[in-house]
1. Could you list, in sequence order, the residues of region 234-252 that are among the hydrophobic types (A, V, I, L, M, F, W, C) and under 25 Å from LYS219 (Cβ atoms)?
2. Tell me, which residue of region 402-417 that is free of Cβ contacts under 8 Å to residues at least 12 places away in the same chain and not in a loop (DSSP other than H, G, I, E, B) is most open to solvent (accessible area, probe 1.4 Å)?
3. If we scan region 179-201, do we find a residue that is of a type in the set (D, E, K, R), farther than 27 Å from GLY394 by Cα and at pLDDT 95 or above?
4. Can you pull out the residues in region 332-356 that are touching a His at 6+ places or on another chain (Cβ under 9 Å) and not acidic (Asp, Glu)?
5. Can you tell me which residue is modelled with the highest pLDDT among those in region 400-422 that are out of contact with any helix residue (DSSP H, G or I) (no Cβ under 8 Å at 6 or more places or on another chain) and aliphatic (A, V, I, L, M)?
6. Checking ARG182 against (1) surrounded by fewer than 18 Cβ atoms within 10 Å (Cβ to Cβ); (2) in a loop (DSSP other than H, G, I, E, B): exactly one of these is not met. Which one?
7. Consider PHE654 carefully, then state whether it is closer than 30 Å to ALA44 by Cα, touching a helix residue (DSSP H, G or I) at 6+ places or on another chain (Cβ under 6 Å) and either surrounded by fewer than 21 Cβ atoms within 10 Å (Cβ to Cβ) or among the aromatic types (Phe, Trp, Tyr) (or both).
8. List the pairs whose first member sits in region 589-604 and is under 14 Å from PRO480 (Cα atoms), whose second member is charged (D, E, K, R) and buried (at least 24 other Cβ atoms within 10 Å of the Cβ), and whose Cβ atoms are under 7 Å apart, counting only residues at least 6 apart or on separate chains?
Amino acid sequence: MIERYADWLEDDLWLIKQAQYEKELQNIRESQFALGNGYIGTRAVLEEIPHGAMPGTYLSGVYDRMTSQVAELVNLPNPFHFSVTVNGEKVDVSTMDVLNHRRILNMRRAVLVRHTQYQDSKRRAHDYQSLRFLSLDNRNVGVMQVQFTPCAAACSIDINTGIDTSVYNTGTLTEGNKKHFRIKELGQFEHAGYLVVETFEKRHIILYRSGFYYELGKKRIFAKDNIFTLRLKRGEAVTFTKIFYITHFNSEREFSRHKTKALKKFKKIFHTPFDTLLRRHTQAWRRVWDKADVVIEGTANIQTNLRFNLYHLLICAHHDTGFSSIGARTLSGEGYRGHIFWDGEIFVFPFYLFTLPEVAKNMLLYRYQRLDEARRIATERGYEGAMFPWESAGTGEEETPTWAKDLDGSIVKIHTHTFEHHITADIAYAVYQYFLITGDLQFMKECGYEMLFESARFWASRVAYNRRRDVYEIRNVIGPDEFHVNVNNNAFTNIMARWNMLIAAQECSRLKKTCPRQYYILKKKIGLQLKETKDWRQKALKMHLIHKRRSGVIEQFDGFFKLRDVTLTEVDENGIPFFPSHLKTKDVNKTQLIKQADTVMLFYLFPELFSRLMQKNNYDFYIRRTVHKSSLSAPLNAVVACTCGDLPRAYSLFNVALRADISNLYGNTKEGMHAASLGGTWLAVLFGFAGVRVIKGRLCIHPQIPRSWRRVIFSLNWRGNVLRVALTNDTARIAIVHKKEKQVVISLFGRLYSFTTEGREYVCTKRPVSRRHPFQAR
């Protein structure tokens, strides 16, 4: 049988392949092969919806709380549903014999290709091929094409291609499966159908338009209904094309207008040739990959797996003026109910900041639009300013569920929303990083300064004065290491709070001097008093911090050094320590074992604040006690391992992050991609091996690339300038693709270089050819 979509199966460095159907891996593949365009995300469920499948169609930012204890990302009707029955037998991998089956995700073009050969109960062969995509050119549009051929005999086929409304959100520990929408309208006219559903809380109305046609020979026939019958000759191929349009809105009053507008747009799309829609989509993806791709020369497997991570970051990237942000499992599954955590600002945000800054800005706008809710949470807890929720969804309310499954499978109560407060400083950190890297002063005036000041207010009210020690403390918290609950003076939390108050005081003073009008407008809006900034600075400079005098090892929290020290002796094939078999999960808080990077996080966020020796001593101390029971742990530790010169371990941990989802290392990829690990993998390459850092407001690059990598090539956005960078351990080639500033100053290999000419490639070496010419222009 001719491979209809052979043109989409070239260049292995861009392809993720499934060579056979394996039922036990079905839900994992649905996550791994997911499609998305930032607005719509769909799991790669097979079109016939075989038994055990987990269909998932999600719109960014569309949540509903009805029938569940907290808001959930709504699993909406599945538009990629397509069912074929041959002489009464369903063409399905779970009902027919599968002779051959393969699916290929072309990441460069963001299309999913399938080819399955079946044998029915009478041993007649049938050929099934499909290609589908969610358009990046028009984010409301999805397209699917299916070719079916009876290979052995003529047959009668029944087609059912309606939008599947039988979907539901998968049950959690304390709740069963549930729906989050009701059907509002359903109809069929002008060779197209429409479906309108509404979430139970009536916050969102979602409108589908769908059209369908098939081609037999040179004839194109528009289907009058979603269900119909065809008669095919032996070897006669029929090609079905389905095009759908999805939009959502929030007000019943807008319904008629949106319905008319959607119909007009859908008609235009529906009568656009399939090849044209596909070409526009792939051209849009080409432009995105030009900004986001990272090329690692010399190692094909790592290159493909790295692109897999980047692809999944790109398919959930959206900018919608802050309506949505990036959830912990992207738009590929319902893990963590689609909630937004600190993962976004600390692990995912840097990728977008340096490649697609408009997406990074959107993540911050998401937080800003929910600032009033953060103020309400702070007031409710007895604090001032703004306290952001540990888990957020549509409204910005606290959405952390009550119960979760522990490492040993037992059900435990969740305390993160009660004690894990560092997220407020994490968001403030992201705001300031955005300002440093983009120089977007307008954003700071409109949103950023307010977020910095309100978060500083929170910390000023959160700290408590210890008269005996003459220090300010933060008691009753959880740090990133969630093994230890309700501790005092977690070092990460204390230093983040200290930084937040100092930077807010600094920027408040700067705003008053440079933009007095804006300062007084903001002062009036939030009731800011001059004495507050003095209070922030005073409290920040007296924050409590304990470390061993000689080694400089920072105590993770008060009393940590007194806990039982457990030696980790065995590791798995990935170099990750086994959890001690003799230790019960409930007793881990009595030991120095930690779940993930905690104190070590500080050296990634603030490398200029600590000496190399202090960083190394802390890294050596804590890495021996880390069991990496979170997907956040491996990539972050890989970055710090590079800084500390532990390159073998850095490479090992990088490979764990790289393969977290492609190899299902954590056993739960079926619930969606791990966003923090996706972003962390990029961090490990760029901030780790490529040595890209921002030190004291200056872009610095000092690579230490693994020997098996010949070269690393990537693009960076730096203050409106777009740079193309190619690195070896001894040479840096810098090209300014787009220049905004008169000169771009970068520290390379510890020396400052100034670049002025757009379109020219500069070659900088570790040891310059002469003092007079530190770089050569080509």
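The values are calculated or read from the model by the stated rules, or taken from the named source; none is laboratory data. What you are looking at is a predicted structure, and each value in this text was computed from that prediction instead of being measured. Counting neighbours? That spans all protein chains shown, and the Cβs are built from the backbone with ideal geometry, glycine included. The protein model used for the area step is the full one, side chains on, heavy atoms only, and it has no ligands, DNA or RNA in it. Shrake-Rupley method; radii C 1.70, N 1.55, O 1.52, S 1.80 Å.
1. Step one: list which residues in region 234-252 are among the hydrophobic types (A, V, I, L, M, F, W, C), which gives 237-238, 240, 243-244, 246, 249.
Correct list: ALA237, VAL238, PHE240, ILE243, PHE244.
2. LYS413
3. In the first step, residues of region 179-201 are kept if they are of a type in the set (D, E, K, R); the result is 179, 182, 184-185, 190, 198, 201.
If we keep only those that are farther than 27 Å from GLY394 by Cα too, we end up with 190.
This time we only want the ones that are at pLDDT 95 or above, so: none.
No, every residue in region 179-201 fails to be of a type in the set (D, E, K, R), farther than 27 Å from GLY394 by Cα and at pLDDT 95 or above.
4. Kept after step one, since they are touching a His at 6+ places or on another chain (Cβ under 9 Å), are these residues of region 332-356: 332, 335, 342-343, 356.
Matches in region 332-356: SER332, GLY335, TRP342, LEU356.
5. Of all residues in region 400-422, those out of contact with any helix residue (DSSP H, G or I) (no Cβ under 8 Å at 6 or more places or on another chain) come to 402-405, 409, 411-420.
So of that shortlist, the ones also aliphatic (A, V, I, L, M) come out as 404, 411-412, 414.
Details: ALA404: 81, ILE411: 84, VAL412: 87, ILE414: 91.
Applying the filter and picking the extreme gives ILE414.
6. (2)
7. Numbers: closer than 30 Å to ALA44 by Cα: yes; touching a helix residue (DSSP H, G or I) at 6+ places or on another chain (Cβ under 6 Å): yes; either surrounded by fewer than 21 Cβ atoms within 10 Å (Cβ to Cβ) or among the aromatic types (Phe, Trp, Tyr) (or both): yes.
The answer is yes for PHE654.
8. ILE594/ASP481; LYS595/ASP481; GLN596/ASP481; ASP598/ASP481
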